[in-house]
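The structure appears below as structure tokens.
The values are calculated or read from the model by the stated rules, or taken from the named source; none is laboratory data. For clarity, every value in this text was computed on a predicted model and none was experimentally measured. When we count neighbours, we look across all protein chains shown, and the Cβ atoms used for this are built from the backbone with ideal geometry, even at glycine.
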There are 2 protein chains.
Amino acid sequence: MQEIVASFYDLGMLSKSQIGFIKSLHQKKYRKENGLFIVEGMKTLMEFFSSKYQIQSIYYLPQYQSLLPKLPSNIKLFEVNNAELEKISTLQAPQGILALIAIPANEEVDPENLKHSFSLVLDGVQDPGNMGTIIRTADWFGFKHIICSANTVEVFNPKTAQATMGSLARVQVSYVNLTEYLPRVNVPLYAAMLDGESIFKVNWQQEGLIVLGNEGKGISDEVAELVTRRITIPRVGAAESLNVSISAAIICAEVSRNLYK
Amino acid sequence: MQEIVASFYDLGMLSKSQIGFIKSLHQKKYRKENGLFIVEGMKTLMEFFSSKYQIQSIYYLPQYQSLLPKLPSNIKLFEVNNAELEKISTLQAPQGILALIAIPANEEVDPENLKHSFSLVLDGVQDPGNMGTIIRTADWFGFKHIICSANTVEVFNPKTAQATMGSLARVQVSYVNLTEYLPRVNVPLYAAMLDGESIFKVNWQQEGLIVLGNEGKGISDEVAELVTRRITIPRVGAAESLNVSISAAIICAEVSRNLYK
């Protein structure tokens, strides 16, 4: 990142059309059309500032100006007031600063890069909060890649981006056709299902993909056919199922325990 | 549960005051005032029907009538239409059936009953979804009790009750003054903190309480002073923290792995 103090300041009010434009990015259709998504909060934004993501513009309350790091000069800075921030924010309680960030091109991960490590595969996860929490957890355990089916929730949804708490800046999320992609990846394909081997007894070794399915329907039939190892989190009590972000976390932890024991 | 077919049917429209009353229960103040909370969805309600919870009334779309089990005759049944259900529901997509259930008295768990098992302690958890997910996870792993500080989110919040997916019917949640209560419990007091022993190396033995703190502030100073064993989920990657429901799940799984290995 170039260390040039941003040279463009606009201290006036935002125009109606600026506000309308930012609000349009709350919707997937306009995020796609404009190639931009919204991230809020200084702590989370700091993670994006020091990443390969391209920041397009930043909107902040006056008291946040002194907290901004040195930023490339092409980033547009706008001081806003509370009323303006409330209009453009996706949050019930806006966090003082909001940025528009360029949506990077969706890049397929070279299957070779998935060897000698563990990655997650999401097959139709729908809840933005679950998706965001999974990315944050993957980042905690050092998982670098999350491969998603085309029908998995959009990662640039504000609720998802926010729930990652900045981890989206580090974990690479890509969308692929799983039935075409997975057969090209030459590592064990694990999937969390109800009739598998206990995750506490699996011989994890050093690499694998772990598939997690849709909140209601689980893993799709097409993907289930490709799975080489069905795994299960042993149940002691009576709950019928676990939340998908919880299952992901328990499996990530168990993999991590085995890798670093 | 008595096996008498419910004798009271009201096939007419709900009155304005009935709708107003149920909507008032979306708010904590009126739940407390009336001693009732809302649960929605047939699958979740089935868990409450077969529990010690007292159902007060049920509101359902016509097609759900045949799915209802035999219920005690004192439960009031109301057939409603879509428009009525949308008005009284707490959900964006109502699930066809909604019940009002009596809020049970808050009972302190006898400290003796916490011996020879593991239980969770929530010290100021604020997010209703996190709270609900923690209850669901605790139920999966057979944890029977969750002890909460007075400032922990209300468990009868619709978002919490719904996120438990029925597990609230089985796990006992009680609110206490933790600084008075915890010293009376004679089992090891673990707490998830950033500077503790790896959860993968703890000698868990057969009993304990596991404290989880507030989403932003962690565990309160007063409770931290009582903790006998600080534990940590080892981090491999770069995320700054884990969501509290994720931390709870990873610790529950690790305790379970040790108890049943």
Would you be able to say whether some residue in segment B:215-236 is over 28 Å from A:Leu259 (Cβ atoms), polar (S, T, N, Q) and out of contact with any strand residue (DSSP E or B) (no Cβ under 7 Å at 6 or more places or on another chain)? no
Cβ-Cβ below 7 Å, separation at least six or inter-chain, first residue in segment B:67-89 and without any contact (Cβ under 8 Å) to a residue 12 or more places away in the chain, second buried (at least 16 other Cβ atoms within 10 Å of the Cβ) and assigned to a loop (DSSP other than H, G, I, E, B): which pairs? B:Glu86/B:Pro94
Output the residues belonging to segment B:217-239 that are out of contact with any helix residue (DSSP H, G or I) (no Cβ under 8 Å at 6 or more places or on another chain) and free of Cβ contacts under 8 Å to residues at least 12 places away in the same chain. B:Asp221, B:Glu225
Go through segment A:56-108 and give me each residue that's among the polar types (S, T, N, Q), part of a loop (DSSP other than H, G, I, E, B), at pLDDT 95 or above and closer than 15 Å to A:Gly41 by Cα. A:Ser89, A:Thr90, A:Gln95
Among the numbered criteria (1) surrounded by fewer than 15 Cβ atoms within 10 Å (Cβ to Cβ); (2) in contact with a strand residue (DSSP E or B) (Cβ under 6 Å, 6 or more places away or on another chain), which single criterion is violated by A:Leu77? (1)
Cβ-Cβ under 9 Å, sequence separation 6+ or interchain: first residue in segment B:176-203 and closer than 17 Å to B:Ile250 by Cβ, partner assigned to a helix (DSSP H, G or I) and of a type in the set (Ser, Thr, Tyr). Which pairs? B:Ala192/B:Ser247; B:Phe200/A:Ser256
Can you find a residue in segment A:98-113 that is within 14 Å of chain B (Cβ to nearest Cβ) and surrounded by fewer than 17 Cβ atoms within 10 Å (Cβ to Cβ)? no
Taking only segment A:45-85 into account, find how many residues are within 14 Å of chain B (Cβ to nearest Cβ) and touching a helix residue (DSSP H, G or I) at 6+ places or on another chain (Cβ under 7 Å). 3
Could you tell me which numbered condition A:His116 fails, if it satisfies all but one of (1) assigned by TED's automatic domain parsing to the domain that holds A:Thr137; (2) within 22 Å of the chain's Cα centre (by Cα); (3) surrounded by fewer than 18 Cβ atoms within 10 Å (Cβ to Cβ)? (2)
